[in-house]
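Single-structure report; data block below.
None of the figures in this text is laboratory data; all of them are computed from the coordinates on show. Being a predicted model, the structure only gives us computed values, none of them experimental. Cβ placement follows ideal geometry from the backbone for every residue including glycine, while neighbour counts extend to all protein chains displayed.
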Amino acid sequence: MIVSCGVDIVSNKRIEDTLKRWGDRFIKKVFPEGVEYCFHKRRGEIAGCIAARFALKEAVIKAFSRINIPLRFEDIVVSGGGKHLDVKIPVKGYHVLFSISHEREFSVAFVNVLREEAYE
């Protein structure tokens, strides 16, 4: 059973500017698990890839806040990429279903939170 949902949209330019200004400090704070998959993209697609992952973490945080479970960026682990993208959360009893996309200007993520027993 779906118990919550969250959505986020991010300007790729905002993430690109943040990367230029803060570089590794931004990556280490928001993505301690790393973003290696994104660095294998073409030069013009790196910011969009990172922005989509940022939107995904934001959407997860929003979805869980609706059910009074606080999460931080560093609590959420986004790994892999493409068809093998995965999200791990430190909350027992729940599962996250998600979708992300990015285009030239914006990245978006949508998340549904399911109770685990309903998911199985």
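Worth pointing out:
- Extension gain, Phe26-Arg43: 0.36 nm per intervening residue step, less the Cα-Cα distance, totals 4.3 nm.
- Alpha-carbon Rg/Rh ratio, for the chain, with Rh computed the Kirkwood way: 0.97
- Among 7-17, 49-59, 26-36, the peptide with the highest mean count of other Cβ atoms within 10 Å heads the list, and the full ranking is 49-59, 7-17, 26-36.
- Peptide packing for 83-92, 105-114 was compared via the average number of neighbouring C-beta atoms within 10 Å per residue; ordered from the highest value, the list is 105-114, 83-92.
- For the chain, the longest principal axis of the Cα atoms and the long axis of helix 12-22 meet at an angle of about 70 degrees.
- Set of the stretch 78-120 residues, backbone N closer than 20 Å to the point 7 Å along the Cα-Cβ line of Cys5: 87, 94-102, 107-120
- Nearest 10 degrees, 0 to 90: helix 46-65 Cα axis against the chain principal axis: 30 degrees
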